[in-house]
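The values are calculated or read from the model by the stated rules, or taken from the named source; none is laboratory data. Since we're looking at a predicted model, the values are computed, not measured. Virtual Cβ from ideal backbone geometry, glycine too; neighbours counted across all protein chains shown. With ligands, DNA and RNA removed, areas are computed over all heavy atoms of the protein, side chains included. Shrake-Rupley method; radii C 1.70, N 1.55, O 1.52, S 1.80 Å.
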Amino acid sequence: MKKHSFLCVWLFFVSFVTFVVCPVFVSFAQDRAAAAKKEGTLTLYTTIAEKDLPTLVKPFESKYGVKVNVWRAGTSNVLQRAVAETSAKKYDVDVVHIGSPEMEALAREQVLLPINSPVHKDLQPGSVPAHRQWAATLLSVWVQVYNTKLVKNESLPKTYKDLLDPKWKGKLGIEGKDEDWFASVVDVMGGGETGLKFFRDLTATNGLSVRQGHTLLNNLVISGEVPLALNIYNYMPEQAKKKGAPIDWFALEPAIARSNAVGVARHAPHPNAALLFYEYLLGEGQQYFVSMDYVPSNTKVASPLKGIRIVQTNPARALDESDKWGALFETTVVRRR
């Protein structure tokens, strides 16, 4: 009898805490879309380019009858605003969409809500951290890019190790601020001193033309000043190629990717609309990312890198070891030109 009474009190307590502390989501058995439509709106904080927002947002608004109010700013501003408002118990934001390292920072600050979603199982490996407070929506994949007038398709390297061939001497370019790409390739090439030795050997054998900015490096490939670039986001050469530029790309496997991600605010004022938009971005909304030449995180969606093995950079390492890897990149590659 005492055990029964204790159980009743405990269940009441859990129900009370769940109701008071957590956003009020409708159950899976209920119609979340109807609940979201009743809420009528949601607020999104994001870095998504202004020109891309209508492509992504309008189909959601039209289908579900939920207005998406967008506050767009640079990554650091979105991060700072979300943290500051949460600390002040000013709960305006429903959904945040920025780079995964910054989403990880928001998770550590208890800004985001842990979510179990059936769509998670469809995402690329590494898209959902163990705490489930965010999930990757799109991947900015670093690919290898070449001038089609200067480099023949049949001569392209098949592995990272093939870049050590002396035929590439004086022909290779690299963007000089991608320390998370650098750290991931070091891992791929054996990790630690073994992986660093690959870059030291590459620099000593063939040299690397270090440039600042992916757009600049992409343009230098088009002009022929850099015949082969090692780390440019896939959509850049693809867009230039569509415009007739003498440029193409390929991917050494595993391709390295940096992700952007979405999360629902722990105190979202429109929780059902927020969760509906979260699942939209990871599910049916993925097609709109693809239409803008991004690589989707959802493996069930057609992708420009379909069939290519992708490894995502570690957002926690990007937060905790940025100085370390930035210094290693500088001493191993940038200053050894």
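For the reader, a short list of remarks on this structure follows.
- When the stretch 32-68 is filtered for residues that are among the polar types (S, T, N, Q) and either within 16 Å of Pro271 (Cβ to Cβ) or within 20 Å of the chain's Cα centre (by Cα) (or both), the ones remaining, listed by number, are Thr41, Thr43, Thr46, Thr47, Thr55.
- Hits in the stretch 81-118 - residues which are part of a strand (DSSP E or B) and either of a type outside the set (Val, Ile, Thr) or over 19 Å from the mean Cα position of the chain (by Cα) (or both): His97, Gly99, Leu112
- Considering residues of the stretch 185-207 that are in contact (Cβ under 8 Å) with a residue 60 or more places away in the chain and over 22 Å from Ala257 (Cβ atoms) only, the residue farthest from the chain's Cα centre (by Cα): Ala204
- Just one residue in the set Leu328, Leu281 is in contact with a strand residue (DSSP E or B) (Cβ under 8 Å, 6 or more places away or on another chain), assigned to a helix (DSSP H, G or I) and either surrounded by fewer than 21 Cβ atoms within 10 Å (Cβ to Cβ) or of a type in the set (A, V, I, L, M) (or both); that residue is Leu281.
- The stretch 37-54, residues that are more than 16 Å from Val262 (Cβ to Cβ) and of a type in the set (Ser, Thr, Tyr): Thr41
- Top-ranked residue of the stretch 104-123 - restricted to ones that are in contact with a Leu (Cβ under 7 Å, 6 or more places away or on another chain) and closer than 14 Å to Pro315 by Cβ, ranked as surrounded by the fewest Cβ atoms within 10 Å (Cβ to Cβ): Ala105
- Residue count for the stretch 69-80, restricted to those that are among the β-branched types (Val, Ile, Thr) and either under 16 Å from the mean Cα position of the chain (by Cα) or exposed (fewer than 14 other Cβ atoms within 10 Å of the Cβ) (or both): 2
- The stretch 195-257 holds strands (runs of 3 or more DSSP E) entirely within its bounds, and those carrying 1 or more residues that are within 25 Å of Arg309 (Cβ to Cβ) map to 228-233, 247-250.
- Residues of the stretch 202-254 satisfying the condition of being among the charged types (D, E, K, R) and open to solvent by less than 40 Å² (accessible area, probe 1.4 Å): Asp248
- Residues located in the stretch 287-325, provided they are hydrophobic (A, V, I, L, M, F, W, C), open to solvent by 60 Å² or more (accessible area, probe 1.4 Å) and either part of a helix (DSSP H, G or I) or touching a Cys at 6+ places or on another chain (Cβ under 6 Å) (or both): Leu319
Condition check ((1) open to solvent by less than 70 Å² (accessible area, probe 1.4 Å); (2) among the polar types (S, T, N, Q); (3) under 15 Å from Ala105 (Cα atoms); (4) touching a Phe, Trp or Tyr at 6+ places or on another chain (Cβ under 9 Å)) across all residues:
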residue	(1), (2), (3), (4)
Leu44	yes, no, no, yes
Lys51	no, no, no, no
Pro54	yes, no, no, no
Tyr64	yes, no, no, yes
Lys67	no, no, no, no
Ala82	yes, no, yes, yes
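- Taken over the stretch 90-103, the criterion of being in contact (Cβ under 8 Å) with a residue 40 or more places away in the chain and surrounded by fewer than 17 Cβ atoms within 10 Å (Cβ to Cβ) is satisfied by Tyr91, Asp92.
- Per-region count, the stretch 161-186, residues touching a strand residue (DSSP E or B) at 6+ places or on another chain (Cβ under 9 Å), of a type outside the set (Val, Ile, Thr) and either open to solvent by 80 Å² or more (accessible area, probe 1.4 Å) or outside any helix (DSSP H, G or I) (or both): 7
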